[in-house]
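The values are calculated or read from the model by the stated rules, or taken from the named source; none is laboratory data. Worth saying up front: this structure is predicted, and the values here are computed from it rather than measured. Here Cβ is always computed from backbone atoms with ideal geometry, including for glycine, and neighbour counts include all displayed protein chains. Only protein heavy atoms, including side chains, enter the accessible area calculation; ligands, DNA and RNA are left aside. Shrake-Rupley method; radii C 1.70, N 1.55, O 1.52, S 1.80 Å.
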Amino acid sequence: MFPAGIYSSAQLREEGLTRHRVDRLVRDGSLTRVTSGWYASAEADPAVVSAIKAGGRLGCLSGCALHGLWVPPQSGTHVVFGAGATARRGPGLVLHPDSAPQPRGAVWPVWDCVRHVARRHDPESAVIVAESAINLRLLTVDDARQALAALPVRHARLQERLAPAQSGSETRVRLFFASRHVPVTAQHHIDGVGWVDLLVGDRLIVECDSHAHHGETNYENDRRRDLAARDRGYTTVRLSYQQIWLHWPATQQSLIREIRARRHIRRAR
């Protein structure tokens, strides 16, 4: 019932545990007192424990990750303090104040976590977590747009470009083409090939690795699909996780060359 293995005294009471019973669980090691009014089991998520010790709740990018969303590479544990809460700094903590009331649970709801990212981080990161939430059906498109309303006004149009994305890699590359007014469709189905991450124009397929490592089985299947796509007149570009996240400036230049060569446009015979 309580994710991350950490519970408030109120939550334990609601589950029927008396103070005497809680004290026994602490004595036998089943629970550990984290701070006043909070207890953790052995399976407690360390990031959530750190957030509670700091007086806040896990949120923003760290909260998105705990909810299962695809998040860009990040560092630190993001702790968000609701109205009236006092921050206690600690090593590795990224502290964000928020005007909303602090939630009863140890983790901010997914909608709030997306809103935190929109307020505190770059617009691309906000769209990435919003689209991941849509893809996982944790938020509707309308809910995600409301969360992204926290973006600066100059980025408001990004709310109109939301689409269910299976990874942040896909979102980053799609936004790259969209920002240059190049037609791009996410999760496009091609007969004989299957679903592709992105179809740019009407003939350039772009596949985006969502993880740092790509297995051998996937490698063989990818090559089979590439040949099937070529037989149907498509060109396929495959981008690794490293190309998208570690070498992005160089990758963008390569994609620009693809566009200038008009490889995304099917030429009339």
Only one of (1) more than 20 Å from Trp195 (Cβ to Cβ); (2) polar (S, T, N, Q); (3) out of contact with any helix residue (DSSP H, G or I) (no Cβ under 7 Å at 6 or more places or on another chain) is not met by Gln159, so which one is it? (3)
Across the stretch 98-126, what is the total count of residues that are β-branched (Val, Ile, Thr) and either at pLDDT below 95 or touching a Gly at 6+ places or on another chain (Cβ under 8 Å) (or both)? 2
Is it the case, given these coordinates, that Thr86 is in contact with a Ser or Thr (Cβ under 7 Å, 6 or more places away or on another chain), polar (S, T, N, Q) and in contact (Cβ under 8 Å) with a residue 24 or more places away in the chain? no
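Looking at the stretch 206-217, is at least one residue of a type in the set (S, T, N, Q), closer than 19 Å to Ile134 by Cβ and either touching a residue at least 60 places away in the same chain (Cβ under 8 Å) or touching a strand residue (DSSP E or B) at 6+ places or on another chain (Cβ under 8 Å) (or both)? If you could, list the steps in order and put the result at the bottom.
Narrowing the stretch 206-217 to residues of a type in the set (S, T, N, Q): 210, 217.
Next cut, closer than 19 Å to Ile134 by Cβ only: 210.
Within this subset, residues satisfying the condition of being either touching a residue at least 60 places away in the same chain (Cβ under 8 Å) or touching a strand residue (DSSP E or B) at 6+ places or on another chain (Cβ under 8 Å) (or both) are 210.
Yes, some residue in the stretch 206-217 is of a type in the set (S, T, N, Q), closer than 19 Å to Ile134 by Cβ and either touching a residue at least 60 places away in the same chain (Cβ under 8 Å) or touching a strand residue (DSSP E or B) at 6+ places or on another chain (Cβ under 8 Å) (or both).
What number of residues within the stretch 20-45 are out of contact with any helix residue (DSSP H, G or I) (no Cβ under 8 Å at 6 or more places or on another chain) and not acidic (Asp, Glu)? Spell out how you get there, then give the answer.
Taking the stretch 20-45 as the starting set, the residues that turn out to be out of contact with any helix residue (DSSP H, G or I) (no Cβ under 8 Å at 6 or more places or on another chain) are 20-21, 23-30, 36.
Now narrow it down to the ones that are not acidic (Asp, Glu): 20-21, 24-27, 29-30, 36.
Adding up the residues that qualify gives 9.
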When every residue in the stretch 124-151 that is within 15 Å of the chain's Cα centre (by Cα), open to solvent by less than 30 Å² (accessible area, probe 1.4 Å) and of a type outside the set (Gly, Ala, Ser) is compared, the one nearest to Val48 (Cα to Cα) is Val129
For Ala133, are the conditions met, namely being small (Gly, Ala, Ser) and without any contact (Cβ under 8 Å) to a residue 60 or more places away in the chain? no
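Considering only residues of the stretch 48-83 that are over 15 Å from the mean Cα position of the chain (by Cα) and touching a residue at least 40 places away in the same chain (Cβ under 8 Å), which is nearest to Arg115 (Cα to Cα)?
Kept after step one, since they are over 15 Å from the mean Cα position of the chain (by Cα), are these residues of the stretch 48-83: 48-57, 76, 79-83.
Then keep just the ones that are touching a residue at least 40 places away in the same chain (Cβ under 8 Å); that gives 48-52, 54, 56-57.
Numbers: Val48: 19, Val49: 22, Ser50: 21, Ala51: 18, Ile52: 20, Ala54: 21, Gly56: 16, Arg57: 14 Å.
The extreme case among them is Arg57.
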Looking at Glu220 and the list (1) over 30 Å from Ser62 (Cβ atoms); (2) in contact (Cβ under 8 Å) with a residue 12 or more places away in the chain, which single condition is not satisfied? (2)
Kindly state which helices (runs of 4 or more DSSP H) lie completely within the stretch 4-111 and contain at least 1 residues that are open to solvent by less than 80 Å² (accessible area, probe 1.4 Å), under 30 Å from Ala165 (Cβ atoms) and hydroxyl-bearing (Ser, Thr, Tyr). 46-53, 60-66
